[in-house]
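Notes follow the structure.
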Amino acid sequence: APTQKAQKTEKKEKKKKEGSAEQSGKKAANAPAVDDGEPVPSMIDLRIGKIVDIMKHPDADSLYVEQIDFAEETGPRTVVSGLVNYIPIEQMRDKLLVGVCNLKPANMRGVKSFAMVLCATSKDGKEGGIELVRPPEGAKPGDRVYFEGADFE
């Protein structure tokens, strides 16, 4: 499948071929800047969230449906995660976590998920355990998480 960048390039080339260079120029001026580099970790919107409500997905045994507070004006986000078989619901309630917040919303068994819960596996793999990535000490909902160093900017 072509990358999103390749698709945008194809669309721009198609518009130029169809004529009106003037229209194409106007659209390009309003378009967001195209990033010509490789993806870097700073592109990921990692934020601290707090699980304010959690239940098992009504139509999927291995999924949780969480309401996670990322301190946004719109209120908590609905997030669906496949952690039922790895983390008991009691260990998820009221937890602070790190969420990936700039993902395209995804439908998961009929429930739309608006972020992803960041987890880590044991060095032994899933069988060794999966746990939520714990936020830094003193973090609160809405705080951004950054990578340090020039390599990650």
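If I filter the stretch 123-135 for residues that are at pLDDT 95 or above and either β-branched (Val, Ile, Thr) or not in a strand (DSSP E or B) (or both), do I get at least one hit?
No: zero hits.
Among the residues of the stretch 107-151, which ones are open to solvent by less than 80 Å² (accessible area, probe 1.4 Å) and among the aliphatic types (A, V, I, L, M)?
Met108, Val111, Ala115, Val117, Leu118, Ala120, Ile130, Leu132, Val133, Ala139, Val145
Would it be correct to say that Lys56 is of a type in the set (Lys, Arg), surrounded by 11 or more Cβ atoms within 10 Å (Cβ to Cβ) and without any contact (Cβ under 8 Å) to a residue 60 or more places away in the chain?
For Lys56, the condition - of a type in the set (Lys, Arg), surrounded by 11 or more Cβ atoms within 10 Å (Cβ to Cβ) and without any contact (Cβ under 8 Å) to a residue 60 or more places away in the chain - is met.
With the checklist (1) in a loop (DSSP other than H, G, I, E, B); (2) farther than 26 Å from Gly138 by Cβ in hand, flag the one item Asn102 doesn't pass.
Of everything listed in (1) in a loop (DSSP other than H, G, I, E, B); (2) farther than 26 Å from Gly138 by Cβ, Asn102 misses just condition (2).
Scan the stretch 66-99 for residues that are assigned to a helix (DSSP H, G or I) and open to solvent by 40 Å² or more (accessible area, probe 1.4 Å) and report the count.
Qualifying residue count, the stretch 66-99: 2.
May I ask you to list the residues in the stretch 28-41 that are surrounded by 12 or more Cβ atoms within 10 Å (Cβ to Cβ) and at pLDDT 80 or above?
Those that are surrounded by 12 or more Cβ atoms within 10 Å (Cβ to Cβ) and at pLDDT 80 or above: Val40, Pro41.
The values are calculated or read from the model by the stated rules, or taken from the named source; none is laboratory data. Computed from a predicted structure; not experimentally measured. No Cβ is skipped: glycine too gets one built from the backbone with ideal geometry, and neighbour counts run over all protein chains shown. For accessibility, only protein heavy atoms count, side chains too; no ligands or nucleic acids. Shrake-Rupley method; radii C 1.70, N 1.55, O 1.52, S 1.80 Å.
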